[in-house]
Every structure is written in C-alpha cells, then in structure tokens.
Amino acid sequence: MGDREAAGAQGRRGRRRLSVDERRDELIEAALDLFSRRPPEEISIDDVAAAAGASRALVYHYFGGKQELYVAALRSAAAQLGELLKPPTEGSPLQRLALSLKRYFDFVEDHAPGYLAMLRGGPASRSGELGEIVESVRAILLNRILKEMGLEDPSPVLRITLRSWMAGVETAALDWLENKDMPRDELEALLVDQNIVLLHNAAQRDPAVMAVFNDLAAQEQ
C-alpha cells in the first residue's frame with residue numbers, strides 16, 4: 001500500500017462513523033456554509049460534496065438533487081433563526097426589541113446570499129416549500145412579539161400593524177444588503193422607532209391597541 005492509500009485508510013479508520021441523521025446534518029451544514037458565502041445558483045452538488053468530504057453519490061442518496069438540498073438547508077437556517085430570536089428575558093420592551101433586531105441582522109449579514117435567495121425566490125418555488133419556510137419564520141416572529149405583549153388573540157388592527165412592520169424589516173434588510181450605505185446600528189434603531197410610530201398610529205384607531213401601547217410606554221418609564 002502506497003503512502004497516500006495508507007493515509008486515506010488511516011483517515012477513514014480515525015473518523016467516527018456517523019448515523020444517517022448525523023451524516024445528513026453534516027451535508028446540510030456544508031451546504032449552509034456555502035450558501036452563506038455564494039449565491040445558490042453558483043453552487044453545485046459537487047461543491048457541497050467536496051465541502052463535506054463526501055461523494056457526489058452520497059449527496060444524491062440523501063437529497064435526490066440540488067433543490068431538495070437547498071430547501072433542507074433553508075429549513076435548517078430558518079430553525080437557527082428561530083432559536084436566535086427567542087425573546088430576551090431582560091430589559092425594557094424596547095431594549096428587548098432592539099436586541100432581537102440585532103440578532104436578526106447578525107443572521108442576515110452572516111447568511112446574506114441564502115437570505116436573499118429565501119426572500120426573492122431562488123431555485124425553489126416561492127409558492128411551494130420555500131414559501132412555507134418563509135411564512136413559518138414570519139409566524140414564529142409574530143407569535144413571539146405577541147407573547148411579549150401578553151396577547152394571544154390580537155385585534156385585526158394590531159395584527160396588520162405588526163405584520164406590516166415585519167415586512168418593513170425584511171425590505172430594510174434586503175436594501176441594506178444591496179447598498180450597505182447606512183450603519184447597521186442606525187438602521188436597527190430606525191426600525192425600532194418605526195415600530196413605535198406604527199403602534200401609536202394604530203392606537204388612534206383601536207382602543208385595544210391603545211391599551212397595549214400605553215402599557216408598553218409605562219414599562220419604558
């Protein structure tokens with residue numbers, strides 16, 4: 001056996017045998033790393049296989065093709081974002097909101113190509129699995145904001161107001177990734193201010209929102 005073959009055999013013996021789920025997760029992590037640095041359309045199955053130290057055939061065995069792998073990677077990214085955005089437990093409501101926005105933009109900046117592809121379409125259909133992923137993240141965020149407000153069943157005015165603000169955050173993130181002509185901390189502060197303005201305006205139309213707004217204002221005293 002030559003030196004190269006011996007080294008390969010040694011590496012194979014020294015590597016822990018992974019379970020099916022562990023190997024699949026390893027491939028997803030390799031894909032996520034690539035998607036965080038390059039646009040999805042520039043990444044091939046061969047690229048993912050090389051990054052994971054696996055064969056092309058193994059990637060196809062687990063995922064069937066690039067679209068399935070891409071969707072699996074985005075589901076993993078969405079789960080990671082959901083964990084990052086668990087509501088902070090300390091500080092005033094606005095301080096907790098500011099921290100959540102910082103975590104959100106940390107994720108956006110670290111996974112820029114994948115984030116852009118997720119919101120703009122990418123190789124999967126926005127009306128199919130990708131759309132479901134995006135909507136699941138939005139639902140998680142809305143539910144957590146409502147939980148912070150101590151509400152389970154928001155009025156239509158409050159629900160629409162919060163969803164409008166969330167859409168504004170996504171648009172701001174896309175614009176910032178394209179231009180980066182504004183300091184990120186200033187953008188995050190602007191979005192917090194916009195949330196206050198939207199809630200204040202909504203409160204003029206809905207007594208239930210007025211009660212929420214007044215409660216949040218009292219906590220900032």
Selection status of residue 218, more than 23 Å from residue 102 (Cβ to Cβ), at pLDDT 90 or above and of a type in the set (A, V, I, L, M, F, W, C): no
Test: residue in the stretch 161-177 that is open to solvent by 40 Å² or more (accessible area, probe 1.4 Å), closer than 30 Å to residue 214 by Cα and free of Cβ contacts under 8 Å to residues at least 24 places away in the same chain: yes
Any pair with Cβ under 6 angstrom, 6 or more apart, that starts in the stretch 135-147 at a residue that is open to solvent by 40 Å² or more (accessible area, probe 1.4 Å) and ends at one that is modelled with pLDDT under 85 and assigned to a helix (DSSP H, G or I): 140/82
Members of the stretch 53-87 found to be touching a Lys or Arg at 6+ places or on another chain (Cβ under 7 Å), surrounded by fewer than 16 Cβ atoms within 10 Å (Cβ to Cβ) and part of a loop (DSSP other than H, G, I, E, B), listed by number: 87
Test set (1) in contact (Cβ under 8 Å) with a residue 60 or more places away in the chain; (2) more than 24 Å from residue 112 (Cβ to Cβ) - residue 192 fails condition number: (2)
Residue within the stretch 97-111 that is open to solvent by 60 Å² or more (accessible area, probe 1.4 Å) and outside any helix (DSSP H, G or I) present: no
Criterion violated by residue 132 - all others in (1) modelled with pLDDT of 95 or more; (2) open to solvent by 70 Å² or more (accessible area, probe 1.4 Å); (3) in a helix (DSSP H, G or I) satisfied: (1)
Condition broken by residue 118, with the remaining ones in (1) touching a residue at least 60 places away in the same chain (Cβ under 8 Å); (2) of a type outside the set (Lys, Arg); (3) open to solvent by less than 20 Å² (accessible area, probe 1.4 Å) satisfied: (1)
Members of the stretch 15-52 found to be among the β-branched types (Val, Ile, Thr) and open to solvent by 50 Å² or more (accessible area, probe 1.4 Å), listed by number: 20
Pairs where the first residue, in the stretch 85-112, is more than 18 Å from residue 165 (Cα to Cα) and the second is modelled with pLDDT of 90 or more and open to solvent by less than 40 Å² (accessible area, probe 1.4 Å), C-beta under 7 Å, 6+ apart: 112/177
Of the criteria (1) over 19 Å from residue 129 (Cβ atoms); (2) of a type in the set (Asp, Glu); (3) modelled with pLDDT of 85 or more, which one residue 90 fails: (3)
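The values are calculated or read from the model by the stated rules, or taken from the named source; none is laboratory data. Everything quoted here is computed from the prediction, not taken from an experiment. Methodologically, a virtual Cβ is constructed for each residue, glycine included, from the backbone with ideal geometry; neighbour enumeration extends over all protein chains shown. Ligands, DNA and RNA are stripped out before the accessible areas are found, and what is left, the full protein with its side chains, is counted by its heavy atoms. Shrake-Rupley method; radii C 1.70, N 1.55, O 1.52, S 1.80 Å.
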